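The structure appears below as structure tokens.
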Amino acid sequence: MNFLEVSDLHKSYGGVRAVDGVNFSMAAGELLALIGPNGAGKSTLFNLLNGQLLPDQGQIRLEGQSLNGLAPREIWALGVGRTFQIAQTFASLTALENVQMVLLSASHRLFSFWSRAAQHQTGRAMELLAQVGMQDQAARACSELAYGDVKRVELALALASDPRLLLMDEPTAGMAAPERHALMTLVRKVAAERHMAVLFTEHSMDVVFGFAQRVLVLSGGKIIADGDPQQIQEHEQVRQVYLGTGQIAPSFFGETNAPRSLANR
């Protein structure tokens, strides 16, 4: 049995088939990249996976359990975490307090009046910050942190619920190449330590081909290619979809940052 199994998934908006019969699976611990040109359906597929949208047809199963019809919080409680293209943190709270808020929510004590939030699982929160290299900045407000460090805090927030599957929506958006590679090296390390599967969308092809074990290519709501990075780079239909010429610019191979248009959806 596959860890994640997506079968014949459909989602339409009027006459537009945003996700059109998508089938794929993931193994536990796998790093899988999802790429595609403008309007491919990547965001819709992500939102179906974590319950923000309901599919018109098809099945999503996590270790054999159907996720269809479950609310995002229920899916989160089953071990599906998510990070966003624009980092989602409480800017006025410290890095430590941000993690404590997620731990409070995970323990169903977010609105408890019987204990101080600042005292909640401080040790565990510091362990999570240490895991992402942010323990020395635990007392700083997120509004004071560099953007790359805010993304690290967001990763700690996602890890606070002990996810078995982490969905990352353009995790390196807005970062320079050294920051991108540092963050994804961290993600790969944490995923290996936790045996956590990671599905990520990304516009930087150097990240896709440098860190993904496998790549899915979505176009017009359909998966047109599924393979390792080398197979995807050599895939003729992928070349046609991205540039319409049968040729791929050097940026597609990660020599430079890929054109932003590849990531828009």
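What follows is calculated from the coordinates using simple rules that are stated; it is not laboratory data. Note that the structure is predicted; figures quoted are calculated from it, not measured. Cβ atoms come from the backbone with ideal geometry, glycine included; neighbour counts cover every protein chain shown.
Each label was represented as a point 7 Å from its Cα along the Cα-to-Cβ direction; for residue 141 and residue 66 these points are 4.8 nm apart. Think of each Lys and Arg Cβ as +1 and each Asp and Glu Cβ as -1; about the Cα centre, that makes the dipole of the chain roughly 460 debye.
When the chain is treated as a GNM with alpha-carbon contacts under 10 Å, the residue of 80, 16, 190 showing the greatest mean-square fluctuation is 16.
Go through 46-57, 88-99 and give me the packing order, highest mean Cβ count within 10 Å leading. Before the final figure, lay out each step's value.
On the way: 46-57: 18.1, 88-99: 19.6.
Listed from highest to lowest mean packing, they are 88-99, 46-57.
Listing 5, 74, 202 from the residue with the fewest other Cβ atoms within 10 Å to the one with the most, what is the order? All intermediate terms of the calculation are to be shown ahead of the outcome.
Values: 5 17, 74 12, 202 27.
Sorted ascending by nearby Cβ count, the order is 74, 5, 202.
Take every Cα pair under 8 Å whose residues are at least 6 apart in sequence, average their separation, divide by the length of the range 157-218, and the relative contact order is 42 percent. Length available on full extension from residue 192 to residue 28: 0.36 nm per residue minus the Cα-Cα distance, which gives 58.0 nm.
A simple packing score, the average count of other Cβ atoms within 10 Å per residue, orders the peptides 59-68, 19-28 as 19-28, 59-68, with the highest score first.
With 0.36 nm allotted per residue and the present C-alpha distance subtracted, the residue 122-residue 12 stretch has 35.1 nm of extension available. Spatial offset of the range 25-70 relative to the range 118-185 amounts to 24 Å, using the alpha carbon center of each. With the gyration tensor restricted to C-alpha atoms of the chain, the semi-axes of the equivalent ellipsoid amount to 32, 22, 15 Å, longest first.
Report the FRET efficiency, 1/(1 + (r/R0)^6), for residue 106 and residue 38, where r is their Cβ-Cβ distance and R0 is 35 Å, rounded to 0.05.
Numbers: r = 36 Å, r/R0 = 1.04.
FRET efficiency, residue 106 to residue 38: 0.45.
Multiplying the residue separation of residue 176 and residue 92 by 0.36 nm and subtracting their alpha-carbon distance yields 27.7 nm.
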